[in-house]
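Below: the structure, in structure tokens.
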Amino acid sequence: MLQSRRILLIVSGGVAAYKCLDLVRRLRERGASVRVVMTAAATQFVTPMSFGAISGDRVFTDLFDRDDEHDIGHIRLSREADLIVVAPATADLLAKMANGLANDLASTVLLATDTPVLIAPAMNPKMWAHPATERNVATLRGDGISFIGPAAGEMAETGEAGTGRMAEPMEIVAAIEAHFGGAAKPLSGRKMVVTSGPTVEPIDPVRFLANRSSGKQGHAIAAAAAAAGADVTLVSGPVSLADPAGVNTVHVETARQMLEAVEAALPADVAVMAAAVADWRPATEVTAKMKKTPGSGPPALTLVENPDILATIGRHASLRPRLVVGFAAETNDLIANATGKLTRKGADWIVANDVSPSTGVMGGDANTVRIVRQNGVEDWPTLSKEDVAARLVAGIAEALSKADAS
Ligand code: C5P
């Protein structure tokens, strides 16, 4: 997809520099050629030799390089690239770029170029939130420069958390692919059904049983899958979110309606069941509003079990999708409960997360998940729900293409 694209990767001094070795590898796997420029600070984190070995090219660190300057090295470096990627971009390098400083090779290349630039910032959350950095980022955006990340999560420094982590290498790859016309559609030709939001189970015409699911995670997954080229049907309970662009959204209220809509969307290659489906519903739906009758006390609410949509799809006799992904929102014994669900419901992966009120996951924007599979558990850092979605979709695309290849 990135066949013969020339990428100039500028690495500045941050702990995340080591992740860019993987970034180079991923880009080269996709057919891109990658040339690396490192700032002096970057070489304190990763050696130029490592980048040289992975990129298969010499690494550039000096503005006044005896071998290159006769050939105007910095100008040639920027001219010979289709895209310049700065990852990790420190607060210092952003400040230099925003102010047009050019006192080392990296900043000089960036000032001397009219090639498009994509920046993946990485810094301490306080530095990212500082008004000076905010001004610099706004200036750079105004100059037409694109950004990917930073994400929220744990920092390398112990006890530090917040927004400032560099976007993951695969997210940077996706942003680079999107830059080149979105040619990369890893899920094109795939059909996917996603559930999202709560279900609402009527007690009478005005009352219902529901839960606190916002639908943010499920909607983000549907949007990411559509962006990755999938033909997506999103079956959503009542939420206050807009229908994601490019997604066929079916609005339902109850678990039974949700099941019916999901079954109608089959066959599909992938099912991601992110809805918080009510386990029970009132046994009888009263067609007239229930009245308070003086002296007779509160009515008894009898509940019956709802269909389990994930289990129905995961064990579907004829139309089981090739990849069935469920969620497990737990307040205790996360892995044990998630593993139990994996087996019981016939899912391939369970995305497990802790929804204890103190985590703020329910209704919040960030999510810390663990991916539970039959062969082990993968811990992900705290990410925005969009980033969880992007990573999940990238994993789904990879799993499908691996399955195709085997
Ligand atoms: O059993 P529990 O509700 O914790 O399981 C969560 C997973 O099962 C989620 O993927 C959810 O969407 C799905 N589920 C379902 N139908 C139900 C209950 C849960 O699809 N009735």
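Are any residues in the stretch 1-52 of a type in the set (A, V, I, L, M) and over 22 Å from Asp82 (Cα atoms), and if so, which ones?
Going residue by residue through the stretch 1-52, those that are of a type in the set (A, V, I, L, M) are 1-2, 7-11, 15-17, 21, 23-24, 27, 32, 34, 36-38, 40-42, 46, 49.
If the condition is that a residue be of a type in the set (A, V, I, L, M) and over 22 Å from Asp82 (Cα atoms), then Val15, Ala16, Ala40, Ala41, Ala42, Val46, Met49 are the ones that fit.
Given the criterion away from the ligand (no atom under 12 Å from the Cβ) and either at pLDDT 90 or above or closer than 20 Å to Ala399 by Cα (or both), identify the matching residue among Ile350, Ile371. Explain how you work it out, then say what you get.
On the way: Ile350 fails: away from the ligand (no atom under 12 Å from the Cβ).
Matching residue, one of Ile350, Ile371: Ile371.
Could you tell me which of the residues Pro121, Pro131, Pro88 is surrounded by fewer than 17 Cβ atoms within 10 Å (Cβ to Cβ), modelled with pLDDT of 95 or more and under 28 Å from the mean Cα position of the chain (by Cα)?
Details: Pro121 fails: surrounded by fewer than 17 Cβ atoms within 10 Å (Cβ to Cβ); Pro88 fails: surrounded by fewer than 17 Cβ atoms within 10 Å (Cβ to Cβ).
None of the other options fit; the residue is Pro131.
Name the one entry in Leu110, Leu77, Leu105 that is over 30 Å from Gly364 (Cα atoms), of a type in the set (A, V, I, L, M, F, W, C) and modelled with pLDDT of 95 or more. Show your work before the answer.
On the way: Leu77 fails: modelled with pLDDT of 95 or more; Leu105 fails: modelled with pLDDT of 95 or more.
Residue meeting the stated conditions: Leu110.
How many residues does the stretch 138-151 hold that are in contact with a Pro (Cβ under 9 Å, 6 or more places away or on another chain) and buried (at least 19 other Cβ atoms within 10 Å of the Cβ)? Full working, then the answer.
Pass one, the stretch 138-151, residues in contact with a Pro (Cβ under 9 Å, 6 or more places away or on another chain): 144-151.
Still in the list and also buried (at least 19 other Cβ atoms within 10 Å of the Cβ): 145, 148-151.
Going through the stretch 138-151 one residue at a time, the tally reaches 5.
Tell me which of these Ser214 doesn't satisfy, since it passes every other one: (1) small (Gly, Ala, Ser); (2) out of contact with any strand residue (DSSP E or B) (no Cβ under 9 Å at 6 or more places or on another chain); (3) surrounded by 17 or more Cβ atoms within 10 Å (Cβ to Cβ).
So the condition that Ser214 fails would be (2).
Can you report the number of residues in the stretch 262-316 which are within 9 Å of the ligand (Cβ to nearest atom), assigned to a loop (DSSP other than H, G, I, E, B) and of a type in the set (Val, Ile, Thr)?
1
For the stretch 363-384, enumerate the residues that are touching a residue at least 24 places away in the same chain (Cβ under 8 Å), buried (at least 21 other Cβ atoms within 10 Å of the Cβ) and closer than 17 Å to Gly326 by Cα.
Of everything in the stretch 363-384, those that are touching a residue at least 24 places away in the same chain (Cβ under 8 Å), buried (at least 21 other Cβ atoms within 10 Å of the Cβ) and closer than 17 Å to Gly326 by Cα turn out to be Asn367, Val372.
Let's see how each residue does on (1) exposed (fewer than 14 other Cβ atoms within 10 Å of the Cβ); (2) among the hydrophobic types (A, V, I, L, M, F, W, C); (3) touching a residue at least 12 places away in the same chain (Cβ under 8 Å):
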{"position": "Glu285", "(1), (2), (3)": "yes, no, yes"}
{"position": "Leu301", "(1), (2), (3)": "yes, yes, yes"}
{"position": "Val304", "(1), (2), (3)": "yes, yes, yes"}
{"position": "Ala311", "(1), (2), (3)": "no, yes, yes"}
{"position": "His316", "(1), (2), (3)": "no, no, yes"}
{"position": "Pro357", "(1), (2), (3)": "yes, no, no"}
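Kindly indicate whether Arg322 is more than 30 Å from Pro357 (Cα to Cα), under 27 Å from the mean Cα position of the chain (by Cα) and of a type outside the set (Val, Ile, Thr).
Numbers: more than 30 Å from Pro357 (Cα to Cα): yes; under 27 Å from the mean Cα position of the chain (by Cα): yes; of a type outside the set (Val, Ile, Thr): yes.
Yes, satisfied.
Does Glu253 count as of a type in the set (Asp, Glu), at pLDDT 95 or above and touching a Ser or Thr at 6+ places or on another chain (Cβ under 8 Å)?
Values: of a type in the set (Asp, Glu): yes; at pLDDT 95 or above: yes; touching a Ser or Thr at 6+ places or on another chain (Cβ under 8 Å): yes.
So Glu253 passes the test.
Only one residue in Val247, Val262 is over 25 Å from Glu330 (Cα atoms) and not small (Gly, Ala, Ser), so which one is that? Before the answer, list the steps.
Numbers: Val262 fails: over 25 Å from Glu330 (Cα atoms).
Selected residue: Val247, the only one of Val247, Val262 that is over 25 Å from Glu330 (Cα atoms) and not small (Gly, Ala, Ser).
Criterion first (assigned to a strand (DSSP E or B) and hydrophobic (A, V, I, L, M, F, W, C)) does Met127 satisfy it? Please lay out each step first, then the result.
Numbers: assigned to a strand (DSSP E or B): no; hydrophobic (A, V, I, L, M, F, W, C): yes.
When the stated conditions are applied, Met127 does not pass them.
Which residue, of Pro238, Pro267, is modelled with pLDDT of 95 or more and exposed (fewer than 13 other Cβ atoms within 10 Å of the Cβ)?
None of the others qualify; the one that does is Pro267.
Here is a list of conditions, (1) closer than 20 Å to Gln257 by Cβ; (2) part of a strand (DSSP E or B); (3) under 15 Å from the mean Cα position of the chain (by Cα), and Val232 meets all of them except one; can you say which number that is?
If we test Val232 against (1) closer than 20 Å to Gln257 by Cβ; (2) part of a strand (DSSP E or B); (3) under 15 Å from the mean Cα position of the chain (by Cα), just (3) comes out false.
The values are calculated or read from the model by the stated rules, or taken from the named source; none is laboratory data. Computed from a predicted structure; not experimentally measured. Cβ atoms come from the backbone with ideal geometry, glycine included; neighbour counts cover every protein chain shown.
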